[in-house]
Amino acid sequence: MHPVVPSDMTKLAANYGFNPGLIVGDLLFISGQVGRSPGLPDPETLEDEYRLAWRNIGAVLAEAGATFADLVQVNSFHTDLAHLPTFMQVRAEFLADSPVAPTWTALGINQIGAPGATVEISAIARLPQAD
């Protein structure tokens with residue numbers, strides 16, 4: 001197993017005792033990412049929050065040498081499923097170049113671990129060198 005920790009997530013990972021990503025064989029497991037980032041103000045809109053969560057997923061992918069096209073599974077956890085259409089629009093921005101859409105599970109939950117967050121996204125990617 002090989003941990004994947006983008007430089008801007010080092011402090012967060014150390015404080016909470018987790019790895020943003022973990023490579024096992026040819027798979028990259030990405031811990032849940034929220035639409036928050038150290039040093040940045042909280043997002044003002046849902047779209048901004050969702051984009052930042054996807055950018056955080058992208059940072060872990062990039063650190064491992066992968067892209068959004070390598071995603072095979074996505075799980076999203078939402079505090080309000082009424083916002084799912086907005087989430088899907090933003091998701092499409094990040095997955096537009098993927099030749100095959102990843103599998104996806106969306107769950108409605110009461111609360112996210114990061115105060116004020118409305119979504120958390122976890123994912124699994126197949127590393128490109130495995131092809």
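Output yes when any residue across the range 73-90 is surrounded by 12 or more Cβ atoms within 10 Å (Cβ to Cβ), over 23 Å from residue 7 (Cα atoms), of a type outside the set (Gly, Ala, Ser) and in contact with a His (Cβ under 8 Å, 6 or more places away or on another chain), and no when none is.
Yes; the residues of the range 73-90 include at least one that is surrounded by 12 or more Cβ atoms within 10 Å (Cβ to Cβ), over 23 Å from residue 7 (Cα atoms), of a type outside the set (Gly, Ala, Ser) and in contact with a His (Cβ under 8 Å, 6 or more places away or on another chain).
Output the number of the condition that residue 116 fails; it satisfies all remaining conditions of (1) more than 23 Å from residue 3 (Cα to Cα); (2) surrounded by 15 or more Cβ atoms within 10 Å (Cβ to Cβ).
(2)
Restricting to the range 1-49, count the residues that are in contact with a helix residue (DSSP H, G or I) (Cβ under 9 Å, 6 or more places away or on another chain), without any contact (Cβ under 8 Å) to a residue 60 or more places away in the chain, crowded, with 18+ Cβ neighbours inside 10 Å and not in a loop (DSSP other than H, G, I, E, B).
Matching residues across the range 1-49 total 2.
Can you confirm whether residue 98 is in a loop (DSSP other than H, G, I, E, B) and without any contact (Cβ under 8 Å) to a residue 60 or more places away in the chain?
Yes.
Name the pairs: first residue in the range 58-80 and under 15 Å from residue 20 (Cα atoms) and among the charged types (D, E, K, R), second residue outside any strand (DSSP E or B) and modelled with pLDDT of 95 or more, Cβ to Cβ under 6 Å, at least 6 apart or on different chains?
63/6
Of the residues 53, 62, which is aliphatic (A, V, I, L, M) and either assigned to a loop (DSSP other than H, G, I, E, B) or under 17 Å from residue 92 (Cβ atoms) (or both)?
53
Given the conditions (1) at negative phi; (2) modelled with pLDDT of 95 or more, and given that residue 25 satisfies all but one, which numbered condition is not satisfied?
Unmet condition: (1).
The values are calculated or read from the model by the stated rules, or taken from the named source; none is laboratory data. Since this is a predicted model, take the numbers as computed values, not measurements. Note: ideal-geometry Cβ built from the backbone for every residue, glycine included; neighbour counts use all protein chains shown.
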